[in-house]
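Below is one structure; the comments refer to it alone.
The values are calculated or read from the model by the stated rules, or taken from the named source; none is laboratory data. These numbers come from a predicted model, not from an experiment. Ideal geometry is used to build each Cβ from the backbone, glycine not excepted, and the neighbour counts take in all protein chains shown.
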Amino acid sequence: MRIRPTVSPLLGQIIVVIPALLLLTSPPVAAGGRGDRAALIAGPEISKLSTPRIRPGSREPSLIRNPTMPQVQTEPGAQAGAETQPEKIFAGPKDIKERIAVYVFLGWLWLSIAVLIYLLRLKIREIDRLYDFSYFSADPGKGRED
Amino acid sequence: MKVKKLHEWFEDRLGLSDILGFLTKKEIPQHKHTIWYYTGSAILMFFVIQVVTGFVLAFYYKPTLEEANASVARIMTEVPMGWIMRSVHSWSASFMIAIVFIHLLSIWITKSYRQPRELTWMSGVFLLLISLFFGFTGYLLPWDELSLSATKVGTDIPRAIPGVGVWVTKLLRGGEDVTGDTLTRFFGIHVSILPVLAFLLLAVHIFLIQKHGISYPLDSERQSSRIKTIPFWPNFVYREMVVWLVLLGVLLTAAILLPNALGGPADLMAPAPEGIKPEWYFLFLFQTLKIFPAHVIFVSGETLAVLAMALFLALFLFLPFFDTKPEERRGKIITASAYAFIAYAVLMTVWSLL
C-alpha cells in the first residue's frame, strides 16, 4: 500500500523557498566568537563610585543625577581594559545553513499550529455538542443552559 | 490488557479518576469577559517555559565577575541553539509579566476580587511582585554595561526610603556598590529564592481558585441571570490549548526574529552610558521618578516618589477591602481608577521611550 505524504511537495517547496527569499532580503546578522573577556574586567577594587555622563537637559533618577556618585579606584590592568571598546554580540543563526534551518522551522511551526488549531476546533465542537445533550452527564437533561 | 492493568495500578495509588471527576465537575462560566480566564493558564505556560529554559541556561552560565559575560557570550555563540534558548527565556519573561499585568487589571476592572476572593487577589499581587523581581535580578546576569548601569540605578532607588533605605540598598547589593558580590547575590535570588517563593505562592493561588471557583462578573450577578457554563475538562482545556499554541508560536517567532543582543562586559570603572533604561515593565516607574522635582519643601523628590509608589502598592494590595460595595459610587471610582492607571502607565512608558 502506498502511503500518501501528509504535505504536498509543492507546499514543502513553498515553505523552504519563502524563508530563503526573506533571508536574502534581510540584513546579515553578525555572530562571531569573542576573546577572553575576563581580562577586561579582572580585579577592580571598588572603594568609591564613578561619575556618570549626564545628557544635557535630561533629568535622571537617583544614582544618575547624584553628584556624589561612587568613584572607582582603578588598577593598571583594569584601566587598560577600560580603554578597549567592547564588542557587542548579536544573537542569531551562525551561518546561512543555520539561518535557512531556522526559517524553515518557523514555517513548519506555524503550519503545525494551524493544523492543530483546526483539529482542536473540531474536537471542541464535538465535545460541546455532546455536552449540550448531556452525553456524559449522569443526570440526563443537565446540559449547557442557553 | 497490560495497559488496563497499568492503569489500574496507577489508579489504586494516585486516584486519578477522582481528580478527573473534580475537573469535569468544575464549571467555567461563558460570558463576554470569559477571554480574561485564559490569561491565568497562559501565565502558567510562560512560567513553565521560563523554568525549563532557565535550567538549560544554568548548565552553561557562570555567575562570577570574570566569567558571567563570557559565559553568556559562549551560550550565544558556541552552545548549539543557545541563542534561541536565551532569547526564549528573555522573551517569555516579558510575555509573562505582560500577561500578569493584564490578568490583574482584568480582575480589577471586573471586580473579581470580591468576597471571598480577597486572599486570591493578594497572592496574585505578590506573584506580580515576584515576577518583577525575577525580571530585575535576571537583567543583571549578562553583566554587560547596560545591565550594570540599570542595576545601579534600580538598587539605589530603595535608598530614598526613610530609615531602612540604606540598609535595603546594601542588602540588595551585598555592599556599598554593585560588584561581583551583587551578581552572585542576584543569581542566587534568581535561581533559588524566587522560584521557591513563586511555586509556593502559585500553589496557594491555585488552591484558592479551586476552593472558591471561578468568579462571575458583577453585572451578571446583579441581574441574577443564569450564565452558560462549560466543564473545565475537557471543554475549557481544549480552548486553552488553542491559546497556548498561538502564544507559543508568537513567542518562538519573536525569540528567533528579534533575539537579544549582548553588550560588552561591564566595566566597573566606566562612567554610566547615556540613555540607561530598564526593561519595558519598569519604564513607567522610571519615568515617574524622573518627573518628580528634586525637592518638595524640605523633602527629597525621590523620597516622595518612593513613598507615593509604596502607598499605591499598599492600596493595590488591599483593594478588595476598599471595594466592598462595588455597585455604589466608591466602587465606580475604583473601576475608573483602573482605566486611569492603564492610561498613566502607557503614557509614562511612551514618554520614557521618546
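The single residue among B:20, B:44 that is closer than 27 Å to residue B:197 by Cα and either out of contact with any Cys (no Cβ under 8 Å at 6 or more places or on another chain) or surrounded by fewer than 18 Cβ atoms within 10 Å (Cβ to Cβ) (or both) turns out to be B:44.
Scanning the range B:267-291 for residues that are within 8 Å of chain A (Cβ to nearest Cβ), part of a loop (DSSP other than H, G, I, E, B) and either of a type in the set (D, E, K, R) or within 24 Å of residue B:304 (Cβ to Cβ) (or both) yields a total of 4. Among the residues in the range B:219-237, are any of a type in the set (Ser, Thr, Tyr), at pLDDT 85 or above, crowded, with 17+ Cβ neighbours inside 10 Å and touching a Lys or Arg at 6+ places or on another chain (Cβ under 9 Å)? Yes, because at least one residue in the range B:219-237 is of a type in the set (Ser, Thr, Tyr), at pLDDT 85 or above, crowded, with 17+ Cβ neighbours inside 10 Å and touching a Lys or Arg at 6+ places or on another chain (Cβ under 9 Å). Is it the case, given these coordinates, that residue B:307 is facing another protein chain (nearest Cβ under 10 Å) and at pLDDT 90 or above? Here the answer is no, as residue B:307 does not meet what is asked. Within the range A:106-120, residues that are more than 7 Å from every other protein chain (Cβ to nearest Cβ) reach partners that are at pLDDT below 95 with beta carbons closer than 8 Å, at six or more positions or on different chains, in the pairs A:107/A:15; A:107/A:16; A:107/A:18; A:107/A:19; A:108/A:15; A:111/A:7; A:111/A:15. Of the candidates B:177, B:219, B:181, the single residue that is of a type outside the set (A, V, I, L, M, F, W, C) and either in contact with a strand residue (DSSP E or B) (Cβ under 8 Å, 6 or more places away or on another chain) or more than 14 Å from chain A (Cβ to nearest Cβ) (or both) is B:219.
Specify the residue that is farthest from residue A:92 (Cα to Cα); the eligible residues are those in the range B:250-266 that are more than 7 Å from chain A (Cβ to nearest Cβ) and of a type in the set (Gly, Ala, Ser). Result: B:254. Does any residue of the range B:247-266 turn out to be within 30 Å of residue B:320 (Cα to Cα), hydrophobic (A, V, I, L, M, F, W, C), assigned to a helix (DSSP H, G or I) and touching a Leu at 6+ places or on another chain (Cβ under 8 Å)? There is no residue in the range B:247-266 that is within 30 Å of residue B:320 (Cα to Cα), hydrophobic (A, V, I, L, M, F, W, C), assigned to a helix (DSSP H, G or I) and touching a Leu at 6+ places or on another chain (Cβ under 8 Å).
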